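Input: a single structure, listed below in structure tokens.
No lab work stands behind these numbers, since they all come straight from the coordinates. On a predicted model such as this, the values are computed, not experimentally measured, just so you know. Positions of Cβ are generated from backbone atoms using ideal geometry, with glycine treated the same way; all protein chains shown enter the neighbour counts.
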Amino acid sequence: MKADILVAGRVPPNVIPQLQADFTVHELTDDTQLAAIAPKVRGIATNAVQGVSAELLDALPNLEVIASSGIGADALQLERARARGIKVAVTPEVLNEDVADMGIALMLAVSRKLCVADRNVRAGRWMDGLGLGYRVSGKRLGILGLGRIGRVLAKRAEAFDMEIAYHQRSRNPDVPYTYFGSLLELAAFSDFLVVVVPGGPATQNMVNREVLDALGPDGVLVNIGRGTTVDEPELIAALAEGRIRGAGLDVLADEPNVPAALLELDNVVLAPHYASATVETRLAMGQLVVDNLRAHFAGRPLLTPAE
């Protein structure tokens, strides 16, 4: 008998056809539909942004496994799931290159004023009011979180002859980069500060006014991790007041809601949580979602359990 799988949220296009071959698949559309199928659901396919609400988790008494497309687990009710013995899988590694590429792209876009330049050309203004950009090559890069993505980012930054440093809870003994024991020290060092840490209470608003002031008027903040790690009102104030040079943000604190003040600033480049959104990566993420569900229901360990 096929296990019942609930698709809750967006999943890559290769997920549902494969799941339909092996499972009974339900796509979540409304609460009425959920009430009818809830007792049968044994697995969930979802994503790291929409995740699984506490209410949904509580509504599924026989849930065994959550397979999410994405690296983050902060929207997956991880502790509640573990307390019930529900296994949780994510899709690390396959998105490292694309997210690191976005970090470099945002650094370049902010420093070289690419979005403003594009708007100028389209409006027939050419160089009017554009001014000069700033170099990325040879500058100092601070990475907050030298994990999987942070290491790939550092490798790319080496090609730009950047001086690289990092901060996290402990030093990585196998990397050649400078380690700072505090985020303030890293920010003071950096021309570019790239945030790659996950969300959650431990990192909430860790990039605050003090950190932004340490980054200083020649510094650029790039966030490719989670929007909640940056104190957004303080960032807006720092950008508006010129206390930092600019920011490149792929993530925001309350997605998809964008503060109006951010939209009015020319020294910030915004992307819609888009860093891993390439065909290649999304298909690889989708395959891992399917493979994790198949592994669980075949009695095998998850391929990529959440840490």
The chain: angle of helix 96-111 to the longest principal axis, Cα-based, in degrees nearest 10: 30
Here are some values of Cα Rg over 2.2 N^0.38 Å: (i) 1.01; (ii) 1.09; (iii) 0.94. Which one was computed from this structure? (ii)
Under a crude label model (7 Å from the Cα following the beta-carbon direction), how far is residue 169 from residue 74 in nanometres? 1.5
With Cα atoms, 0 to 90° folded angle of helix 148-158 axis to the chain main axis: 30
Dipole magnitude of the stretch 162-246, debye to nearest 20 (Cβ charges: Lys/Arg +1, Asp/Glu -1, about Cα centre): 220
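Per DSSP helix of 4 or more residues, -39500 (n - 2.57); summed, then divided by the residues of the chain. What does that give at 222 nm, rounded to the nearest 500?
Details: 12 runs with 108 residues, N = 307.
Calculated at 222 nm, the ellipticity per residue is -10000 deg cm²/dmol.
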Computed Rg/Rh of the stretch 149-264, alpha carbon atoms with Kirkwood Rh: 0.95
Evaluate the relative contact order of the stretch 96-270 (contact order divided by residue number), counting alpha-carbon pairs under 8 angstrom at least 6 apart; express in whole percent. 21
Which is farthest toward the positive dipole end of the stretch 200-307 among 281, 221, 270, measuring Cα position about the Cα centre, with Cβ charges +1 (Lys, Arg) and -1 (Asp, Glu)? 281
Cα centroid of the stretch 58-83 to Cα centroid of the stretch 186-240, whole Å: 29
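With r as the distance between the Cβ atoms of residue 279 and residue 240 and R0 = 25 Å, compute the FRET efficiency 1/(1 + (r/R0)^6) and round to 0.05.
Values: r = 37 Å, r/R0 = 1.48.
Between residue 240 and residue 279 the formula returns 0.10.
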